[in-house]
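All remarks here apply to the structure that follows.
The values are calculated or read from the model by the stated rules, or taken from the named source; none is laboratory data. Fair warning: this is a prediction, and the values are worked out from it, not measured in the lab. Positions of Cβ are backbone-derived with ideal geometry, glycine not excepted, and every protein chain shown enters the neighbour counts.
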Amino acid sequence: AEADEAQALGRMLLQAAAEADGFSGRALRKLPFLAHASGGGLPAPCGCAQFLSALRGAAERERADRSDLTTG
């Protein structure tokens, strides 16, 4: 069970990293703060899965914002 959870968290981390692929160092440093500030915000402390989900969402929003800047 613990190994399954570790594998699931590893997959979530890889998904967040893939979403952030190509970001500058500055953008990568901002992502954890954006994840905590996103939506309704994360509880403090929060679980790993909650944080990784928010981190991926922050990366997705950052990518969408960048796309809007280049296309609009």
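Scan region 46-56 and give yes if some residue there is polar (S, T, N, Q) and within 24 Å of Asp4 (Cβ to Cβ), otherwise no.
Looking through region 46-56, at least one residue is polar (S, T, N, Q) and within 24 Å of Asp4 (Cβ to Cβ).
With the structure loaded, tell me whether Ser67 is exposed (fewer than 13 other Cβ atoms within 10 Å of the Cβ) and hydroxyl-bearing (Ser, Thr, Tyr) or whether it fails that test.
When the stated conditions are applied, Ser67 passes them.
Report the residue count in region 20-72 for those that are over 24 Å from Ala8 (Cα atoms) and among the polar types (S, T, N, Q).
Residues flagged as over 24 Å from Ala8 (Cα atoms) and among the polar types (S, T, N, Q) within region 20-72 amount to 4.
So that you can scan it fast, the table gives a plain yes or no per residue for (1) under 8 Å from the mean Cα position of the chain (by Cα); (2) modelled with pLDDT of 90 or more:
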position: Ala27; (1), (2): no, yes
position: Ser38; (1), (2): no, no
position: Leu42; (1), (2): no, no
position: Cys48; (1), (2): no, yes
position: Gly57; (1), (2): yes, yes
position: Glu60; (1), (2): yes, yes
position: Asp65; (1), (2): no, no
position: Asp68; (1), (2): no, no
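Which residue pairs have Cβ atoms under 9 Å apart, sit 6 or more places apart or on different chains, and have a first residue in region 1-29 that is in a helix (DSSP H, G or I) and a second that is polar (S, T, N, Q)?
From region 1-29, the pairs are Met12/Ser53; Ala16/Ser53.
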